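A short worksheet on the structure shown next.
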Amino acid sequence: MDKLKQMESFVLVAAKGSLTAAAQAEGVAPAVMGRRLDALEARLGVKLLLRTTRRLTLTAEGQSFLEDCQRLIASVADAEAAVSAGGLKASGHLRVTAPAGFGRRHVAPLVPGFLAAHADLSLSLNLSDRVVDIVHEGFDCAVRVGDLPDSSLVSTRLADNRRLCVAAPAYLKRAGIPRHPDDLARHACLTLSSEASQTRGWAFQIDGAVQHLRPTGRLDCSDGQVLHDWCVAGLGLAWRSTWEVEADLAAGRLVSVLDDFAAPPNGIYAIFPQSRHLPLRTRLWVEHLRAHYGRAAYWQA
């Protein structure tokens, strides 16, 4: 049985959430889709999906393998497009969305170079800290930072993202230094509003497991830059990404705390709707981001 077809079937089943829906999308019987998955799991020697009569759930191995399969399938599509297009230039309009703070610093500055390399393309960039529904709102690609709860979208990891709990020295002098995540309950914590993208709370590794806490305070905001400014001003503790606070840490404007409980890094991802054949303009955009984010020197600049 064709290995690539097995992988494509696995990705489709994960996206659709059931064998029946995936089989209908491809126009085959559910039993055919089931045999492909069985053969894939037998060949790998691991369980990728937990199947019940009501739902399918990815195992930890399945989630990891899903990302690899998505990347491989996209690479194959890129190779086919490069040959079949005969060097044809990408054209059309690309709609991209990204979190506001990250987008200002690390997406918008990369747009001019991308358009300069592809003169027949145009691009619209939407910056928002809410979780944009890229399928229903018509976006070709989203850049997202953090955990990805929705496996119905195709994702490719572009870089690691690490978050720190930080505060201004003046605040720590006034309120004391938290020694354990439980101490956050006694501190002023600057949090994103509930409609923003940081919905799972602040992540810490406690007793060998990652736990998500939801600290509270008198101030919250839907804009991460405002939280950053409030934190520098000494109004409380904030949980921010290293790309936001590295310069402040180096200059002494902010200090990191609870480093012994720091959670493992999550990711910076490119997200796009489930599609067997992504437009060339979308694939070129993702590779443009990967080329920059994949260089350590980029983040140190």
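Laboratory data are not the source of any read-out in this text; all were calculated from the coordinates shown. Keep in mind that this is a model prediction, so the values were computed, not measured.
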So what's the back-of-envelope 222 nm ellipticity for the chain, counting only DSSP H runs of four-plus at -39500 (n - 2.57) apiece and dividing by all residues, rounded to 500?
-> -12000 deg cm²/dmol
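Suppose we keep just the DSSP beta bridges with both residues in the chain; what percent of those would be antiparallel, to 5?
In the chain, DSSP labels about 70 percent of beta bridges as antiparallel.
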Over the alpha-carbon set of the chain, work out the extent along each principal axis and list the three values in angstrom, largest first.
-> 66, 50, 32
Residues whose modelled amide H sits under 5 Å from the amide H of SER222, counting only those 5 or more places away in sequence or on another chain, are SER193
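Check every DSSP H run in the chain and write down those whose alpha carbon atoms cover 15 angstrom or more along the long axis and whose mean Kyte-Doolittle hydropathy is 0.0 or greater. Display every interim value, and only then the final one.
Working: long enough: 3-16 (20 Å, 0.34); 30-44 (21 Å, 0.03); 60-84 (36 Å, 0.19); 280-293 (20 Å, -0.64).
Taking the DSSP H segments of the chain (at least 15 Å long, mean hydropathy at least 0.0), we get 3-16, 30-44, 60-84.
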